[in-house]
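Coordinate-derived values only; no laboratory data. Everything numeric in this text was worked out from a predicted model, so none of it was measured. Every residue, glycine among them, receives a Cβ derived from its backbone with ideal geometry; neighbour counts consider all protein chains shown.
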Amino acid sequence: GEKGQFYIDHEDEAVRGAMVVENGEMMWPPPKKEVPPPPPPSETPATPAPVAEVVPEPVPNIFLDKLSDAVLAGISVSALLAIGAFGGKALTDMFSTLALACLAGSQVVYGVTPALHSPLMSVTNAISGMTAVGGIILMGGNILPQTTAQYLAAIAVLVSMVNVSGGFIMTSRMLGMFKIKGAEEDSSEKYKFLYFLPAALFLGLYVYGMYNGLSN
C-alpha cells in the first residue's frame, strides 16, 4: 500500500499463492484462476508458404583455378627477370622489394581467414623468416660462396629457411583442423604440382641469364 502502511494485496497472484493463514482463517489453497476459452478456429484456410526452388551450386573447377594461379606466378617471375635483365640493378632492387611486399601482404591478408587468428600469426611468423632475402643478396650471386661474408650470408639463409619452412608446415597443420575432409580437398591437393611450373621457369630463366652475362 502507501508508504508506512502494511497491506496485503489479494489480487496479486504471487502474494495470494504464498498465503496460508490470515487472521486465523485458512487461506490455502488459493482460488483457481479461470482459464480463458481458446480462440475460435479461423475459417480462412492457411495459405501454404511457397517453397523456394533449390538451385545447385556450380562445382568449381579446381584444376583451372590452380592452373591460372601457376600461370600468373610464371608471368610474374618472367616479368621480374626481364626487368632485372634490361632495367639495371637499381630498378631491379625496387621491383624486387615491391614484389615481395605484395606477395607477403596478399598471403597474410587474403590467404588466411581473419577468424583463424592462430594460423594468421603462424604464417606471419613464417614470412618474418623472409630475412633470408637479405642473405641471398649478400651471397654474391655465385654458385658457391667465395668470401667469409658470403659464407655467413649462406648460413643466415639456411637458418632463416628453417623458420620459413617450419612456420608454413605448422600453419598448414592448423588450417587442416578447420577443413572438412572430402572430394574438394583431395582435388585441391592433387593439383599442387602445377606450382612447380613457375618455379622451374624461374630457375631456367635465372640460369640462362647468369650464363649470358645478365648478372643483375
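What distance in nm separates the two pseudo spin-label positions at TYR206 and TRP28, each 7 Å out from Cα along the beta-carbon direction?
9.0
Taking R0 as 22 Å, what's the FRET efficiency between VAL71 and ALA101 from their Cβ-Cβ distance, rounded to 0.05? Walk me through the intermediate numbers first.
Numbers: r = 22 Å, r/R0 = 1.00.
FRET efficiency, VAL71 to ALA101: 0.50.
Testing the spin-label approximation: label points 7 Å from Cα along Cα→Cβ at ALA79 and ASP93. State their distance in nm.
Spacing of the two 7 Å Cα→Cβ label points: 2.3 nm.
Under a 5 Å amide H to amide H cut-off, with H placed in plane at 1.01 Å, what residues pair with MET27 once short-range neighbours are removed?
Distant-sequence amide H within range of MET27: VAL21, GLU22.
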